[in-house]
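Report on the following structure.
The numbers here are math on the coordinates, done by the rules we state, and not lab data. Computed from a predicted model, the values in this text were never measured in an experiment. Positions of Cβ are backbone-derived with ideal geometry, glycine not excepted, and every protein chain shown enters the neighbour counts.
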Amino acid sequence: MSTFLELGLKEPINKALTDLGYEKPTVIQEKAIPQIISSTDDLKAFAQTGTGKTAAFSLPILELLDESNSNVQAIILSPTRELAVQIGKNIEDFCKYLKNVKVTTVYGGANMDTQIRSLKRGSQIVVGTPGRTVDLINRRALKLGNVQWLVLDEADEMLNMGFKEELDKVLEATPETKQTLLFSATFPREVEAIARNYMTKPVEVTSGEKNQGSDNVSHEYYAVTERTRYPALKRIADLNPNIYAIIFCRTRRETQEVADNLIKDGYSADALHGDLSQGQRDSVMGKFRKKTIQILVATDVAARGLDVTELTHVLNHKLPDQIENYTHRSGRTGRAGNKGISIVLVNGKEKGKLRSIERIIKKKFVETKVPTGKEIVENQLMHLIDKVKATEVNSSEIEEFLPNIYTKLEDLDREELIQKFVSLEFNSMLAYYENSKDLNDLSSRDNSRARSTNENMTRFFINIGRKDSLNPGKLIGLINEQNIGDKIEIGAIDILDTFSFFEIDKNFEDKTLEAFAENQPDFDGRSVNVEITKKERSGGGRRGGKKPFGKKDGGFGRRRSAEGSSRRSKDSNRSSERRSSGGGDRKSGGFGRKRRERS
Ligand code: AMP
């Protein structure tokens, strides 16, 4: 393994890389940097995002460009604004000690005059999205007559996004003598055509095998039906309390729907797609980078510019239309030496596509069963125990409280204490997954017991059941005690062991929630919690709206609890409405407040 100096880079560049914490070159850097420095041949590089490709093309350009000449010497095209901004920023970091090098990044949706002014001041390197670059060429604000390097980054994505015409225009605006550097994760026919038509005998370099997925990523598939697709997704998230994942969807609508459902069900999630304004997208990406959001639901295009290296999972809610894009998606995990898992949910029809993808990634998908409720509960329990074991005890801070606590607990032996502590955290989760169905049984029909049978009725979940000596008569009595309304109609009632369901005339939906929230009734010593189940899709034992889990793992701990007062459940409904209606900072109201309530 060489050092950056041995690859032919000068000391000021090496120093900047040391500042950035780059210790040694990545595979693609080791191959591309000396090649570009030593030869003017065109270059075709097979490299996915995350392989260090930005440095692979930028560093040799910085090594060779003429700092004393302010003409545009390198033009770098990238498919999205986010990626362009990221590349521009990376290059600025790389030329920290090359004081005379100027970089301008140009992209649509931003003030063109500012970009023109920056170009007029003279930039040796311009990074741009295809559309805005062509606009600036047409306005003669961007002159590419002296360009020595043209970089096409993520060429496959640019073509996917329909930028063929713009690429042709930029290629025509640059001199024949330039060196073209084409970087792509996949090489479908269209990219090969660009290479054939615009490049001269390009040298090929790869960051691994062509199109092959990273060695650090394992690929799993779960067989689902349309009925079990979403519940399976939730169970996968539940099984992995530390999940930090992108869920990929095919369309903006699918993306928003999945995100809305996850938010409603209490997950730390948000949507990223092209229907959001740039401000909203920036805000969502910022929160995901900071891990304020654990799960990002995104379209392929919108996720392109996101540079995160620690994803635990990539989830394919639906496979991409173009199977080559699977490599892009799965390549988002397993980066920077981390292990990652790429999961695909497929129905009977979609399963056939897996074979074609396996041929591209040269790896086999492992069929994995959707976890059962028991497995999830066990996993969460072990996670909690690990957390308890790892918790540091701040003796001096708690010392003064301990004598009283010891006195209060002196009747309990070790086993009883452990049982109570585990039950405190897990009763609600056990209830949630009690009677949960095996989602791997794809032939089974919906559990009609948990579904509203009447269009005019709203189905409610209530956290008390047979074990609390509840029966239909007592439940009707409890409902009536809340003074919801004179002519309130109560429909079907299902009493289960630790929780129950009841139906109420749809017109009294809000009043029912409000009444239980305000009265905060007790039943047999238990505080009563009521939630609407009507919008819930099929799945776990309880169709209730919110996830039942209490404070979750230390890393994130953002999930809401359905335990506690019914007032909280009302707030949850409101906050998810607010989130669904859009807005730049859609998340902070709901979860932010929820966290403060808990703390
Ligand atoms: P890229 O493939 O260019 O998007 O790079 C992916 C990530 O790896 C970015 O966060 C880079 O800052 C980082 N990176 C690139 N090259 C190196 C290197 N040689 N050592 C450490 N990190 C790197």
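In straight-distance terms, cross-link reach from Lys369 covers every one of the aspartates and glutamates whose alpha-carbon lies under 15 Å from its own, apart from those fewer than eight places away in the same chain; here that gives Glu220, Asp238, Asp438, Asp441.
Applying 1/(1 + (r/R0)^6) with R0 = 56 Å to the Cβ-Cβ distance of Asp438 and Lys506, what FRET efficiency is obtained, to the nearest 0.05?
Working: r = 32 Å, r/R0 = 0.57.
E(calc), rounded to 0.05, equals 0.95.
For Lys437, nonlocal amide neighbours, meaning residues 5 or more places apart or on other chains whose placed amide H falls under 5 Å from its own, are Gly541. With a simple spin-label model that places each label point 7 Å from the Cα along the Cα-to-Cβ direction, the separation between Lys351 and Lys89 comes to 4.4 nm. Pairs over the 29 Å Cα-Cα cut-off, from the set Lys408/Lys474; Lys178/Lys362; Lys31/Lys201; Lys31/Lys178; Lys363/Lys437: Lys408/Lys474; Lys178/Lys362; Lys363/Lys437.
Each residue of the stretch 148-153 was assigned a 3J(HN,Hα) from its phi angle through the Karplus expression (A = 6.51, B = -1.76, C = 1.60, θ = phi - 60°), giving 9, 10, 10, 10, 9, 8 Hz with x at Gly and Pro.
Normalised by the number of residues in the stretch 451-513, the mean separation of alpha-carbon contacts (under 8 Å, six or more apart) gives a relative contact order of 45 percent.
Packing-based ranking of 119-131, 382-394 yields 119-131, 382-394, ordered from highest to lowest mean Cβ neighbour count within 10 Å.
3J(HN,Hα) along the stretch 167-182: 4, 4, 5, 5, 4, 5, 7, 9, x, 4, 6, 5, 9, 9, 10, 10 Hz, from the Karplus curve 6.51 cos²θ - 1.76 cosθ + 1.60 with θ = phi - 60°, whole Hz, x for Gly and Pro.
Restricting the GluC sites (Glu not before Pro) of the stretch 6-35 to loop positions (DSSP other than H, G, I, E, B) with no more than 16 neighbouring Cβ atoms within 10 Å leaves Glu6, Glu23.
Were the residues from Lys362 through Phe401 laid out at 0.36 nm apart, the gain over their Cα-Cα distance would be 8.1 nm. In order along the stretch 398-415, the Karplus-derived 3J(HN,Hα) couplings, from 6.51 cos²θ - 1.76 cosθ + 1.60 at θ = phi - 60°, round to 9, 3, 5, 8, 5, x, 4, 5, 4, 4, 4, 9, 5, 6, 9, 8, 4, 4 Hz, and Gly and Pro are given as x. For Val530, the residues whose modelled amide H falls within less than 5 Å of its own, excluding neighbours fewer than 5 places apart on the same chain, are Ser566. Between Ala110 and Asp524, the modelled label-to-label distance comes to 6.3 nm, taking each label 7 Å out from Cα in the direction of the beta carbon. Counting only residues 5 or more places away or on other chains, whose amide H sits under 5 Å from the amide H of Gly491 once H atoms are built in the peptide plane? Placed amide hydrogens put Glu503, Ile504, Asp505 under 5 Å from Gly491.
Here the label points at Asn242 and Asn138, each 7 Å from Cα along the C-beta direction, are separated by 5.1 nm in the simple model.
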